[in-house]
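Structure first, commentary second.
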Amino acid sequence: MPLLSEAQQAYLANPFYSALTTAQSAFGEHVGGALRYRPEILPFTAVATPETKIDPVRLRRDTDTNFIGVIPRMAAEMPDAIHAACVQMAWQPRKHFTTPASLPNECELGAEEAHEMVELTQAAFPGYFRAETYRLGRYIGIRENGKLVAMAGHRTRMPGLREISGVCTRPGHTGKGYAQHLIQRLLADGSGDLPYLHSVSTNARAIAIYKALCFVTTGEVDFLKLSRQP
């Protein structure tokens, strides 16, 4: 198990709140007592404590509302709330980790490719990537015959920690090692931040891949989703 500092453990107990109150504050906005990413960036909201009062009607008017870590009791008690558990995993590198060479069909992803990134994530895991999510960090992908078939990138960031997310492969193109390759390309980014990630606890296939890449479980956090209600 990686040795996380007390500060890192505290950050990861409420990861989106931690990111929005530190390195990614420029991407956030207050809605009542909640702090969230602007809807064009990410559909995630955070609160400081479970007792924080939120305005579900305002929050759900223009986007899904997802919480990870600290869940407001007001949201947890709503009859249509979807609950799940997520594992957090942090990278414990091998002694002699070497970043793999770039593949010929590998590419950097940004504003010009945003629509392709959204389309790919909608095919792989709908609802968690937005038109401007790419602004949060570096995203890279792999193309086949010009079509984007796999991608991964950086999502949340806070002091000493950087999340790897958006890891997905288009159906019909799995089993080629693309996800593993892209994650390894992102691991040694020179920032000095500890890479970490989230996975739904029931996603055994993804967790096995992460373990093979030397990620180890550091904790489990609650997840809650409130779907958009215009």
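The values are calculated or read from the model by the stated rules, or taken from the named source; none is laboratory data. All values reported here derive from a predicted model rather than from experimental measurement. Neighbour counts run over all protein chains shown; Cβ positions are idealised from the backbone, glycine included. In case anyone asks, the SASA skips ligands and DNA or RNA and just uses the protein heavy atoms, side chains included. Shrake-Rupley method; radii C 1.70, N 1.55, O 1.52, S 1.80 Å.
Scanning the stretch 106-127 for residues that are among the polar types (S, T, N, Q) and open to solvent by 40 Å² or more (accessible area, probe 1.4 Å) returns a single hit, Gln122. Do you know which residues across the stretch 1-41 are among the polar types (S, T, N, Q), assigned to a helix (DSSP H, G or I), touching a helix residue (DSSP H, G or I) at 6+ places or on another chain (Cβ under 9 Å) and touching a residue at least 40 places away in the same chain (Cβ under 8 Å)? Answer for the stretch 1-41, where residues must be among the polar types (S, T, N, Q), assigned to a helix (DSSP H, G or I), touching a helix residue (DSSP H, G or I) at 6+ places or on another chain (Cβ under 9 Å) and touching a residue at least 40 places away in the same chain (Cβ under 8 Å): just Ser18. Being buried (at least 22 other Cβ atoms within 10 Å of the Cβ) and within 20 Å of Phe27 (Cα to Cα) is the requirement here; does Ile164 meet it? Judged against the criteria, Ile164 is a match. In the stretch 169-179 there is no residue that is out of contact with any Ser or Thr (no Cβ under 9 Å at 6 or more places or on another chain), farther than 21 Å from Gly69 by Cα, outside any loop (DSSP other than H, G, I, E, B) and not β-branched (Val, Ile, Thr).
Contact map, the stretch 86-99: first residue under 27 Å from Phe223 (Cβ atoms), second residue at pLDDT below 80 and surrounded by 11 or more Cβ atoms within 10 Å (Cβ to Cβ), Cβ cut-off under 8 Å, separation 6 or more or different chains; pairs are Ala90/Pro2; Trp91/Pro2; Gln92/Pro2. For the stretch 1-39, a residue qualifies if it is loosely packed, with under 14 Cβ neighbours inside 10 Å and either of a type outside the set (A, V, I, L, M, F, W, C) or within 19 Å of Leu59 (Cβ to Cβ) (or both), and the qualifying residues are Ser5, Glu6, Gln9, Ser25, Glu29, His30. Can you tell me which residue within the stretch 68-105, out of those that are of a type in the set (Val, Ile, Thr) and farther than 30 Å from Gly177 by Cα, is surrounded by the fewest Cβ atoms within 10 Å (Cβ to Cβ)? Looking at the filtered set, the residue picked out is Ile82.
Just so you know, in the stretch 173-206 the residues that are more than 23 Å from Ala10 (Cα to Cα) and of a type in the set (A, V, I, L, M, F, W, C) include one that is most open to solvent (accessible area, probe 1.4 Å), and it is Ala204.
Only one of the listed residues (Ala84, Ala131, Ala76, Ala101) is of a type in the set (A, V, I, L, M), closer than 16 Å to Arg155 by Cβ and over 14 Å from the mean Cα position of the chain (by Cα). That residue is Ala131.
Note on the stretch 211-230: residues that are in a loop (DSSP other than H, G, I, E, B), in contact with a strand residue (DSSP E or B) (Cβ under 7 Å, 6 or more places away or on another chain) and open to solvent by 90 Å² or more (accessible area, probe 1.4 Å) total 0.
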